[in-house]
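The values are calculated or read from the model by the stated rules, or taken from the named source; none is laboratory data. Fair warning: this is a prediction, and the values are worked out from it, not measured in the lab. Cβ sites come from the backbone with ideal geometry, for glycine too, and all protein chains shown count toward neighbours.
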Amino acid sequence: MPEAHAVKAGARLAAAPDASATIARPSTEPVEGAGRSAALPFAFNGTIGLFQPERAGVAKRQAAVLFLNPWGLEEMCSRKFFRITAERFADIGVPSLRFDYPSTGDALDVDHASDGIASWERSVLEAAERLKSLSGCDRIILVAQGLGAMLAQRVGSRIEGVDAIVMLGPVLNGRAYLRELSVWSQFINHHLGVSDDHAPQGKATIAGLVMPAEIAVELAKLKIATPEATAAARYLILERPARSDDTTFADSLRALGAFVEQQAFEGYDALVTDPLFSTMPMETVSFLAEWMDANTSAAPISVRPASRVTSEPLTGDGFEELPVRFGDYNHLVGVVCRPLGEPTGNSVLFLATAYDRHCGWGRAIVEMARNLAREGIASLRFDSANAGDSPPRPGAPEQILYSPVQYEDARCAIDLLERFARRPIMVAGRCSGGYLAFRAVVADERLRAAVSINPFVYYWDPKQAVEKKHIVSVPRSIEDYGQRLAKVDTFKRLLRGDVDVKAAARNVVIAVSRRISVRIAPLLDHLTGRRHTTAEVKRSFAALEKRKVPLTLIYSEGDVGLEHMYFQFGPGGRRLARYPNVRLVMLGDADHNLTPPGSRKTVFDEIVRLARS
């Protein structure tokens with residue numbers, strides 16, 4: 001997945017003269033949430049929360065909303081959905097709070113051995129009390145998705161003042177959920193090319209995330225499909241479309257005296273596919289806002305005053321983290337991670353991939369940031385505008401991949417990290433984040449080094465619009481297809497019909513075409529008018545070599561981005577030898593997302609090396 005860019009220290013990240021055109025054409029419709037400030041981030045009880053106050057000038061409602069996350073890949077895909085929904089609620093006067101459970105997202109890792117899932121339930125109770133304090137509301141509505149809905153049912157009755165529970169695709173049976181999670185995880189690993197050897201055995205895992213074993217063991221024993229008591233007087237249940245005909249849970253709640261509304265969760269399947277391709281279910285967002293409007297009343301004049309949001313550092317083993325809101329419109333949300341002692345070496349700016357939240361695939365960025373702090377190195381991770389918890393910039397396109405708006409976000413992040421760390425800065429990113437890391441280090445002389453991991457390209461032609469539909473199926477390299485075809489299990493899967501033969505054949509043709517294009521690159525450049533693209537790549541590498549800026553390119557063997565690297569620098573990247581400042585590192589048996597822990601360790605070691613150089 002691709003992006004582009006070039007400027008001097010302290011200046012705004014501006015595109016090179018031939019890259020000034022808009023990469024992704026702006027939509028004719030306003031982007032949802034454009035021009036807003038982000039929610040207020042703060043640390044509390046070992047986690048980081050995002051408080052969304054009611055919109056200025058709108059009468060506050062009596063109730064506030066506490067969002068309860070799903071887990072794993074579903075949480076990654078739903079992050080933006082929760083942010084947009086919270087903003088819609090704020091527009092009608094309903095404040096809200098979002099937060100991470102222990103050992104998830106930005107929260108501290110804890111030992112779950114003593115109390116298992118009770119640690120997550122306790123975090124819900126603590127968040128509810130903090131929400132009441134911040135909002136001034138004594139009434140609470142729980143909006144919970146997936147596994148969060150099970151938590152809502154288990155603890156709702158222990159929260160004073162819960163008026164209603166909204167359940168989105170609720171998990172009703174823990175054992176069935178874990179079985180489904182296992183199947184889903186295997187599918188994702190196959191799609192990514194991750195071998196079974198890298199999957200933690202006997203653990204609940206997906207997308208590089210591992211559920212704490214104690215929680216998984218307890219979850220396997222939990223069922224709420226036939227409740228013995230209600231957790232609230234009113235329920236709204238938006239069930240997954242495939243299960244919308246099953247009314248067992250709703251009927252049980254009604255039999256216990258609750259008022260229950262149930263219908264299908266429109267857009268659920270398109271929401272939870274993948275963070276990159278996730279489609280926001282805007283009809284469901286509108287429905288939830290209308291329901292909230294109808295089921296909350298204006299707060300009385302005597303409502304108690306809300307407390308101020310204050311943010312103390314989140315302190316862990318060898319690090320402290322400070323959640324931050326920054327940017328030209330206070331629209332960016334991130335976390336500064338610092339060592340407990342005096343920082344040393346270069347500070348590290350992590351640029352997130354595409355629409356992933358700043359924690360990274362499998363929480364890789366969180367883990368790297370905290371390990372860097374233990375090495376004495378400060379860092380900043382953040383969500384780009386219109387990704388995760390950060391609202392879009394005004395006038396920005398809906399499609400932000402390889403868009404100039406991301407350069408502005410990178411510039412804002414550099415400004416912030418300079419103030420916090422007061423050290424030289426280097427940059428690191430993977431995939432589209434790796435592309436942006438490369439363009440940013442070319443553009444901004446404040447950056448002293450860069451690690452670019454599996455970049456799709458080094459320069460994105462501004463005349464070529466980027467649309468999600470164009471990158472829905474990213475083919476692997478020709479070597480990777482060859483290795484896969486040589487495996488016996490591949491033929492077994494073909495015989496079982498588990499492989500989409502048409503899609504596979506199409507991707508092989510694309511991979512072969514790319515390989516051919518490497519051999520005839522000069523002719524293609526002349527015939528297709530791509531000479532300016534190759535020239536820009538050469539100018540960029542030459543500029544870094546002249547400034548003696550260390551650049552490490554890291555590729556997973558068989559990664560699709562290698563075809564572009566070979567196109568520019570010959571098979572094996574042999575012409576990179578012209579640039580003594582460039583180091584090429586190849587990762588064996590690693591996927592594009594760096595799911596295997598060993599591949600992340602190699603990347604981490606390289607970041608540390610450059611940070612100390």
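Overview of results
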{"item": "Residue tally, condition within 23 Å of Met426 (Cβ to Cβ) and crowded, with 19+ Cβ neighbours inside 10 Å, over region 583-597", "result": "5"}
{"item": "Meets criteria (in a loop (DSSP other than H, G, I, E, B), in contact with a strand residue (DSSP E or B) (Cβ under 8 Å, 6 or more places away or on another chain) and in the same structural domain as His112 (by TED's automatic domain parsing)) for Asp246", "result": "yes"}
{"item": "Helices (runs of 4 or more DSSP H) contained entirely in region 81-197, each with at least 1 residues that are touching a Gly at 6+ places or on another chain (Cβ under 9 Å) and assigned by TED's automatic domain parsing to the domain that holds Ala270", "result": "118-135, 147-155"}
{"item": "Within region 253-288, considering residues that are part of a strand (DSSP E or B) and of a type outside the set (Asp, Glu), the one surrounded by the most Cβ atoms within 10 Å (Cβ to Cβ)", "result": "Val260"}
{"item": "Sole residue being on the phi > 0 side of the Ramachandran plot and modelled with pLDDT of 95 or more, chosen from Gly136, Gly105, Gly57", "result": "Gly105"}
{"item": "Subset of region 312-357 [in a loop (DSSP other than H, G, I, E, B) and of a type in the set (S, T, N, Q)]", "result": "Asn330, Thr344, Asn346, Thr353"}
{"item": "Among the residues listed as Val537, Val603, Val585, the single one being assigned by TED's automatic domain parsing to the domain that holds Arg430, outside any strand (DSSP E or B) and closer than 25 Å to Arg363 by Cα", "result": "Val603"}
{"item": "Residues of region 358-394 satisfying the condition of being within 14 Å of Asp409 (Cβ to Cβ) and part of a loop (DSSP other than H, G, I, E, B)", "result": "His358, Asp383, Ser384, Ala385, Asn386, Gly388, Asp389, Pro391, Pro392, Arg393, Pro394"}
{"item": "Residues satisfying the stated conditions in region 355-380, i.e. of a type in the set (Gly, Ala, Ser), out of contact with any strand residue (DSSP E or B) (no Cβ under 7 Å at 6 or more places or on another chain) and under 17 Å from Pro323 (Cβ atoms)", "result": "Gly360"}
{"item": "Some residue of region 208-217 being within 30 Å of Gly598 (Cβ to Cβ), part of a strand (DSSP E or B) and outside the structural domain of Val560 (by TED's automatic domain parsing)", "result": "yes"}
{"item": "Single match in Ala450, Ala385, Ala413 (criterion: surrounded by 24 or more Cβ atoms within 10 Å (Cβ to Cβ) and modelled with pLDDT under 95)", "result": "Ala385"}
{"item": "Which numbered condition Ala34 fails, given (1) among the aliphatic types (A, V, I, L, M); (2) farther than 24 Å from Tyr268 by Cα; (3) at pLDDT below 95", "result": "(2)"}
{"item": "Any hit, region 317-327, residues being touching a residue at least 40 places away in the same chain (Cβ under 8 Å), in contact with a Cys (Cβ under 6 Å, 6 or more places away or on another chain) and either small (Gly, Ala, Ser) or not assigned by TED's automatic domain parsing to the domain that holds Cys359 (or both)", "result": "yes"}
